[in-house]
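Chemist: The structure's right below; bear with me while I get my questions together.
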C-alpha cells in the first residue's frame, strides 16, 4: 500500500546526511513528521494511512525508545503489543528475518504471560516483572545485537525509496 501521508522535506538535506553517515539524523528527518502527525491526530489509526515502510519506521522508533529504556517488558506494559504483528510481517518484507523472529518470540512470551503483562502494576510490581519473566533477558539481548544492522537496512530501503517517505519541498 502506498502512503496517503507524505510530509514535505528537504530531500537534499536527507541525502547529504545519509552520505555523511549520520544515520540518526536521517532517521529523525524521516520519522519526526510521522510522530508530529500522530501526535496531532492522537490515534494509532493514522498508521492505516501510511505505507508499510512508514509504519515500520514509526513503530520501530516507538519500540527503540521503549525497549531501550526498559526492555520488551516496558514495551508491552505500556500497551504497544498491538504493533508487533504488523512489524513481524514488515521486517520480513524488509529482509530482516532475524528481527522479525525476535518480535515473534516476544509475542509468544506475551501470549503465555498475558494476564501478568496486561495487569495494572505499581512501580514495585513492575520491577518484579523483570524477575518473573527472565525469558525477556535473552530476547532483549538479541534485539540489542540486531538493532543497528536492522536500522541500517531500514535506512538503505528508505534512501532507495524516498518517494515512499517524503515529497520534495
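Chemist: Give the angle, between 0 and 90 degrees and rounded to the nearest 10, that separates the Cα long axis of helix 135-160 from the longest principal axis of the Cα atoms of the chain.
Modeler: The two axes meet at around 10 degrees.
Chemist: How far, in degrees from 0 to 90, does helix 97-112 lean away from the longest principal axis of the Cα atoms of the chain, to the nearest 10?
Modeler: For 97-112 against the chain, the angle is about 30 degrees.
Chemist: Mind running the shape call on segment 62-153? Use the C-alpha gyration tensor, a ≥ b ≥ c as the square roots of the eigenvalues: rounded below 1.5 for a/c, prolate if a/b tops b/c, oblate otherwise.
Modeler: Note, shape of segment 62-153 comes out prolate.
Chemist: Taking only Cα atoms, what is the 0 to 90° angle, nearest 10, from helix 123-132's long axis to the longest principal axis of the chain?
Modeler: 80 degrees
Chemist: For the chain, what is the calculated [θ] at 222 nm in deg cm²/dmol (nearest 500), taking -39500 (n - 2.57) for each run of four or more DSSP H residues and dividing by its residue count?
Modeler: Helices in the chain give a 222 nm mean residue ellipticity of -23500 deg cm²/dmol.
Chemist: Sticking with this structure for a sec: Could you give the nm distance between label points at residue 114 and residue 20, where each point is 7 Å from its Cα heading toward the beta carbon?
Modeler: Taking the two extended label points, one gets 4.8 nm.
Chemist: Tell me, 88, 8, 123 in order of fewest to most beta-carbon neighbours within 10 Å?
Modeler: Taking fewest neighbouring Cβ atoms as first place, the list is 123, 8, 88.
Chemist: Which of 131, 105 comes first, and how do the rest follow, when ranked by fewest Cβ neighbours within 10 Å?
Modeler: Neighbour counts put them in this order, fewest first: 131, 105.
Throughout, read-outs are computed from the coordinates displayed, never taken from laboratory work. Worth saying up front: this structure is predicted, and the values here are computed from it rather than measured. Using ideal geometry, Cβ is built from the backbone for each residue, glycine included, and neighbour counts are taken over all protein chains shown.
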